[in-house]
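For reference, the structure is listed below as structure tokens.
The values are calculated or read from the model by the stated rules, or taken from the named source; none is laboratory data. As the structure is a prediction and not an experimental result, all values here were calculated from the model. When we count neighbours, we look across all protein chains shown, and the Cβ atoms used for this are built from the backbone with ideal geometry, even at glycine.
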């Protein structure tokens, strides 16, 4: 399954449940700033201000159609949106809660007979960041998650719900290793002299610059498209001069490749966005450590996610993508995660809010409702 760009946690969790790409969902990164008449407001992974969260998540679509829903730790579920009772229906994310405890909490909510529920397990992601995606630590985390999912299946079976429940197993992104010599691109080497000094970098960070990780976001306060393009060209020249031209490319946001889903059309996106080669990171430090990361262009298969569906309306075997259904020599077998919202709305039998998924696709690939 293909994540949205950037292949980060919060943009993709929100795109999965709203069917919106970041240009429309509002969640353009794990952290960013939003400017209004009162000044700058920062978004972090703890933000519940509904001004940041655009679109209609599937749990709200369900509730508005009269179908009960509950969530457990899913990013965005603690946001107070009209019609969504957070205190009643949304269990907050609790990092100290074990996978077993999270599964048991979800099973306990079944007494209220929700039509929709979520479960979020972060163990594999944590292990991948710390030790890399190909590590023994990830293998151990996978075993823990497998055991938790088996516990979930056993619980559903004990409640006589397994045969009538649709299960969607997803991840928000993949991961690539960041170990190895020379995989760090120093931000200072990319910036023109006027921006590469400590005070200028501090000023950019204060207004939400992204200067560490698998992508770069550079503010350019009130600058024109021409000025942003000139800054991107300057950074590309610096990268080429350092022998990093194949590892880094900067764009004025509206010149970004179309495959990124109109990412640069959002007013929240930085005027200059830097795409970084797989396994490489930009950083203000000389070393980024040895582990794993994500956030790169979804064109890289390493950051692709997983999707598996089971239940009465899923046909066993591979589920064709909209591109495959249309046919043609360039048909892609990869399912975009923005298609899942429409699938869930169809399974729930509720009206879908406007989203970026393919019209009519869910009805084409799901078995008819009995």
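When you scan segment 63-110, how many residues do you find that are assigned to a helix (DSSP H, G or I), within 24 Å of the chain's Cα centre (by Cα) and closer than 26 Å to residue 30 by Cα? Of the residues in that region, 6 qualify. Of the residues screened, residue 205 is not one that is more than 25 Å from the chain's Cα centre (by Cα), surrounded by 14 or more Cβ atoms within 10 Å (Cβ to Cβ), assigned by TED's automatic domain parsing to the domain that holds residue 274 and modelled with pLDDT under 95. Taken together, the residues in segment 82-101 that are buried (at least 18 other Cβ atoms within 10 Å of the Cβ) and out of contact with any strand residue (DSSP E or B) (no Cβ under 6 Å at 6 or more places or on another chain) amount to 3. Note on segment 229-249: residues that are free of Cβ contacts under 8 Å to residues at least 12 places away in the same chain and not in a helix (DSSP H, G or I) total 2. Scanning for something assigned to a helix (DSSP H, G or I) and closer than 21 Å to residue 264 by Cα, does segment 192-205 turn up at least one residue? Yes, because at least one residue in segment 192-205 is assigned to a helix (DSSP H, G or I) and closer than 21 Å to residue 264 by Cα. Among the numbered conditions (1) crowded, with 20+ Cβ neighbours inside 10 Å; (2) in contact with a strand residue (DSSP E or B) (Cβ under 9 Å, 6 or more places away or on another chain); (3) touching a residue at least 60 places away in the same chain (Cβ under 8 Å), the only one that residue 252 does not meet is (3).
Hey, among 43, 116, which residue is in contact (Cβ under 8 Å) with a residue 40 or more places away in the chain and buried (at least 19 other Cβ atoms within 10 Å of the Cβ)? Of 43, 116, the one residue that is in contact (Cβ under 8 Å) with a residue 40 or more places away in the chain and buried (at least 19 other Cβ atoms within 10 Å of the Cβ) is 116. Can you say whether residue 226 is loosely packed, with under 13 Cβ neighbours inside 10 Å, modelled with pLDDT of 95 or more and outside any loop (DSSP other than H, G, I, E, B), as far as the supplied structure shows? Against the criterion (loosely packed, with under 13 Cβ neighbours inside 10 Å, modelled with pLDDT of 95 or more and outside any loop (DSSP other than H, G, I, E, B)), residue 226 qualifies. Residue check: is residue 219 modelled with pLDDT under 95, surrounded by 18 or more Cβ atoms within 10 Å (Cβ to Cβ), in contact with a strand residue (DSSP E or B) (Cβ under 9 Å, 6 or more places away or on another chain) and farther than 30 Å from residue 167 by Cβ? Judged against the criteria, residue 219 is a match. For residue 312, the criteria (1) within 25 Å of residue 256 (Cβ to Cβ); (2) touching a residue at least 60 places away in the same chain (Cβ under 8 Å) hold in every case but one, which is (1). Are any residues in segment 5-21 assigned to a helix (DSSP H, G or I) and under 9 Å from the mean Cα position of the chain (by Cα), and if so, which ones? Residues satisfying the conditions are 9, 10, 11, 12, 13, 14, 15, 16. For residue 235, the requirement of being in contact with a helix residue (DSSP H, G or I) (Cβ under 6 Å, 6 or more places away or on another chain) and modelled with pLDDT of 95 or more is met.
Restricted to segment 61-73, and to residues that are in contact (Cβ under 8 Å) with a residue 60 or more places away in the chain and touching a strand residue (DSSP E or B) at 6+ places or on another chain (Cβ under 8 Å), which residue is surrounded by the fewest Cβ atoms within 10 Å (Cβ to Cβ)? Ranking the qualifying residues of segment 61-73, first place goes to 67. Hey, can you tell me all the residues within segment 118-133 that are part of a helix (DSSP H, G or I) and either out of contact with any strand residue (DSSP E or B) (no Cβ under 6 Å at 6 or more places or on another chain) or closer than 24 Å to residue 59 by Cα (or both)? 123, 124, 125, 126, 127, 130, 131 - these are the residues of segment 118-133 that are part of a helix (DSSP H, G or I) and either out of contact with any strand residue (DSSP E or B) (no Cβ under 6 Å at 6 or more places or on another chain) or closer than 24 Å to residue 59 by Cα (or both). Once segment 147-196 is narrowed to residues that are free of Cβ contacts under 8 Å to residues at least 12 places away in the same chain and exposed (fewer than 12 other Cβ atoms within 10 Å of the Cβ), the residue that is nearest to the chain's Cα centre (by Cα) is 150.
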